[in-house]
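Scroll down for the structure; my scribbles are underneath it.
The values are calculated or read from the model by the stated rules, or taken from the named source; none is laboratory data. Everything numeric here is computed off the predicted structure, so don't read it as measured data. Cβ coordinates were reconstructed from backbone atoms using ideal geometry, including for glycine residues, and neighbour counts include every protein chain displayed.
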Amino acid sequence: MLDKKEAPVSTETLDSSSISSENFPSVKYQSLTGMSGEDPSKKPCSETPSSISCEKYAGVVDISSNTLDNERSDFLSCQISSKQLFTPKPLSEPSFLNLVPHDELIRFVSDFLFHNCITESLKYVEIEAKIGHIVDVITGERLWLPVLTETIINSNELKIKFESNMTELQHKYFNRFLNASFEKSQIKNKGQPRVPMKYKHTKEIDKFYNNLSLGQGFQNRVRITTDKKTGQIISRLIKTRVASLNIFSPRTQFDWRLSVNIEMPFEPRPLGALVMERDKDRLSYVHQFCQIDLSQVISENGSKTHELEVELLDIDELKKHGNAASHGQPNNFENIVRIFVDNVRILVRQNITNTH
């Protein structure tokens, strides 16, 4: 049953009470407009429901928000009224070269994906970002580094691991936030039309088997996914990680890991012993090139984990733009990567102060 206050689905449905040291070849990702950079003056601020806390940035204040009187910008001390509202004039040029320098993190991620997905010409590629924490293996605590902003970690130099999990209250918060975001995307505004989000709710069973032909290594396990209600087989595959990046975000409650994987279809054949089984209750929100998955996973021993990840959809389209970039043709490769990374950033940067 849907909760009208939290369409499209209530949180109750989910029981909610290694980076290489080599330098990747740099490719010119020319956008269709001829500019590879981004004009900050044209970039819209991220929107969040009025009931949810969001980050404040200098010069960006959503005056249409109902929370303006309660949530003052950290960078503004004066009273704002309709009579006193300052309207800045558009800036003439973004720099003395009249271009915007590339975002270093976006460019590195773009080069990373280009190297692993375009140059290598891999099939059955999956690109996903998991949200969680980078953990210091020695201390068992979240990694600490003397940096103040998000940065990509050289995993070869540190003893770290990534844990993709969150608390049940944080899971409940993201459920509400994504539902509210879904609703806002459905509003028809003639002046600023939105791309509506799509939504689906799935309940599945994952069973992992040893692969008799490839041995018993973790990377060789066969995963068979079935619909929990009908028992129909949804997929048979072997998932293998190709490469990953760990992104440390000291100003937020979460870090994230970007992974390139191969999901190779597995034809029916004799399987080894059943290794593990898990019950997966998932809410998926699709917007443009991205799918946001919020999942509650119950293992065989009854323990629950709560996961949040973003998947980059339509890999063939990404490859099309990547191939165009490799031939110096107009493309949107880096722009697609930017949308993907920005969606992850929006989730990671949520200031979860009220989880009730």
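Just so you know, in the range 109-133 the residues that are charged (D, E, K, R) and modelled with pLDDT under 95 include one that is surrounded by the fewest Cβ atoms within 10 Å (Cβ to Cβ), and it is K123. Just one of the listed residues (E317, E307, E311) is of a type in the set (D, E), in contact with a Cys (Cβ under 8 Å, 6 or more places away or on another chain) and surrounded by fewer than 22 Cβ atoms within 10 Å (Cβ to Cβ), namely E311. Listed by first and then second residue, the pairs with beta-carbon distance under 6 Å, at least 6 apart or on different chains, first residue in the range 298-309 and within 9 Å of D279 (Cα to Cα), second in a strand (DSSP E or B) and of a type in the set (D, E), are I298/D279; E300/E277.
In the range 157-179, which residues are under 23 Å from V297 (Cα atoms) and part of a helix (DSSP H, G or I)?
Step one: filter the range 157-179 for residues under 23 Å from V297 (Cα atoms), giving 161-179.
Within the range 157-179, E168, L169, Q170, H171, K172, Y173, F174, N175, R176, F177, L178, N179 meet the criteria.
Annotation: V242 fulfils all but one of (1) out of contact with any Asp or Glu (no Cβ under 6 Å at 6 or more places or on another chain); (2) surrounded by 18 or more Cβ atoms within 10 Å (Cβ to Cβ); the unmet one is (2). Here F86 meets each of (1) of a type in the set (F, W, Y); (2) surrounded by 19 or more Cβ atoms within 10 Å (Cβ to Cβ); (3) more than 22 Å from A325 (Cβ to Cβ) with one exception, condition (2). On the basis of being farther than 22 Å from A273 by Cβ and not hydroxyl-bearing (S, T, Y), does N210 make the cut? Against the criterion (farther than 22 Å from A273 by Cβ and not hydroxyl-bearing (S, T, Y)), N210 does not qualify. Could you tell me whether any residue of the range 341-355 is in contact with a Gly (Cβ under 9 Å, 6 or more places away or on another chain) and surrounded by 21 or more Cβ atoms within 10 Å (Cβ to Cβ)? No, the conditions are met nowhere in the range 341-355. P146 fails exactly one of the following numbered conditions: (1) at pLDDT 95 or above; (2) under 20 Å from the mean Cα position of the chain (by Cα); (3) not hydrophobic (A, V, I, L, M, F, W, C). What is the number of that condition? Looking at each condition in turn, P146 falls short on (2). Given S181, S185, S235, which one is surrounded by 19 or more Cβ atoms within 10 Å (Cβ to Cβ) and of a type in the set (G, A, S)? From the options S181, S185, S235, the qualifying one is S181. Here are the criteria: (1) in a loop (DSSP other than H, G, I, E, B); (2) within 28 Å of the chain's Cα centre (by Cα). Tell me which single one K89 does not satisfy. Among (1) in a loop (DSSP other than H, G, I, E, B); (2) within 28 Å of the chain's Cα centre (by Cα), the lone unmet condition for K89 is (2).
Filter the strands (runs of 3 or more DSSP E) completely within the range 202-284 down to those with at least 2 residues that are under 29 Å from F174 (Cβ atoms) and over 21 Å from the mean Cα position of the chain (by Cα).
Working: elements: 222-227, 233-248, 255-265.
Of the strands (runs of 3 or more DSSP E) lying wholly inside the range 202-284, those with at least 2 residues that are under 29 Å from F174 (Cβ atoms) and over 21 Å from the mean Cα position of the chain (by Cα) span 222-227, 233-248.
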